[in-house]
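The values are calculated or read from the model by the stated rules, or taken from the named source; none is laboratory data. Computed from a predicted model, the values in this text were never measured in an experiment. When we count neighbours, we look across all protein chains shown, and the Cβ atoms used for this are built from the backbone with ideal geometry, even at glycine. Note: accessible area is taken over every heavy atom of the protein model, side chains too, but ligands, DNA and RNA are not part of it. Shrake-Rupley method; radii C 1.70, N 1.55, O 1.52, S 1.80 Å.
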Amino acid sequence: MEHKNKNKIAIFLAARSGSKRLPNKHFLKINSNYRFIDLCILRLKKSKLVNKIFLCTTKKKEDNRFNDICNKHKIKLFRGSNNNVAKRIIDCAKQNFIETIVRITADCPLVDPKLIDECIKLHLNKKSDYTSNTLKLTFPDGLDVEVIQLNTLIKSQTISKSKYNKEHVTFYIRKSKLFKKFNYVNNINYSNRRWTLDKFEDYLFLKRVAKHFLPKIHFSWKDLIKAEKINKSLINIKER
């Protein structure tokens, strides 16, 4: 599928260095060739429906190091508001004439480009304001995809000026009945899996997953589900 407005769609990868639980987590090494941020970006670049990726970070000095990452992978760096994450995304979209935002966080290094493309197709076909696979959870935690119209995001931030909505970006959209929303559901519920990078235990697990597949880095999320059956150490169930 080649969308006529492909130039108006972009991936916005949110990343910052200031994690309290796992400082500089994006720069943790898998091996001598890859850090987790490298894995995330390389996987994102396999999307067939998006050819623009913006890494959106803060203006803090500690985030200067993302400049080298963007140069290495030939993606755009955008630096905006330190605390207002929504404003950072809106400003980037406005300056680059993007109408459809695909929001991904860099603590999802196993993000699946096919899943992203499926969400985009649904979003465009349904003419949604907001499409996600997280309104009802059926995918592993760490495969989160949100597709949002810029005008929807602006409207939501105009209505809800709470600090929480600025930080969590789509909080009001997800709760409100003002917007046309669609949720992508998997036919088997795997939402008890934890594949996100937030704690040291996550780092150890994701490193184990990556090393299981290396040198292949473009494995699908379904490949990992299959691999769990062979290697029990690749199963990571979320704490309830």
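The modelled label-to-label distance between residue 191 and residue 73, using points 7 Å beyond Cα along the C-beta direction, is 2.8 nm. The residues of region 1-104 expose, per residue, 51 Å² of accessible area to a 1.4 Å probe. Dipole magnitude for region 183-230: about 180 debye, using +1 per Lys or Arg Cβ and -1 per Asp or Glu Cβ, origin at the Cα centre.
For region 15-88, the fraction of 1.4 Å probe accessible surface lying on carbon and sulfur atoms is 45 percent.
With θ taken as phi - 60° and the Karplus curve 6.51 cos²θ - 1.76 cosθ + 1.60 applied, the whole-hertz 3J(HN,Hα) list for region 62-67 is 5, 9, 4, 5, 5, 4 Hz, x standing for glycine and proline.
Note on residue 62 and residue 171: the extension gain reaches 36.5 nm, defined as 0.36 nm multiplied by sequence separation minus the Cα-Cα distance. Accessible area per residue was computed with a 1.4 Å probe on protein heavy atoms; residue 68 scores about 110 Å².
Note that region 145-240 presents 59 Å² accessible area per residue, ligands and nucleic acids not counted, probe 1.4 Å.
Shown here for region 20-88: trypsin sites (Lys or Arg not before Pro) in loop regions (DSSP other than H, G, I, E, B) with at most 10 other Cβ atoms within 10 Å, namely 20, 21, 74. For residue 212, the solvent-accessible surface with a 1.4 Å probe is about 80 Å², rounded to the nearest 10. Rg ratio for the chain: its Cα radius of gyration over 2.2 N^0.38 Å, N being its residue count, equals 0.97.
Residue 127 to residue 178: extension gain in nm, 0.36 nm per residue of separation minus the Cα-Cα distance?
So the extension gain works out to 16.9 nm.
Summarising the amide proton neighbourhood of residue 76: residues at separation of 5 or more, or on other chains, whose placed amide H is nearer than 5 Å comprise 53, 55.
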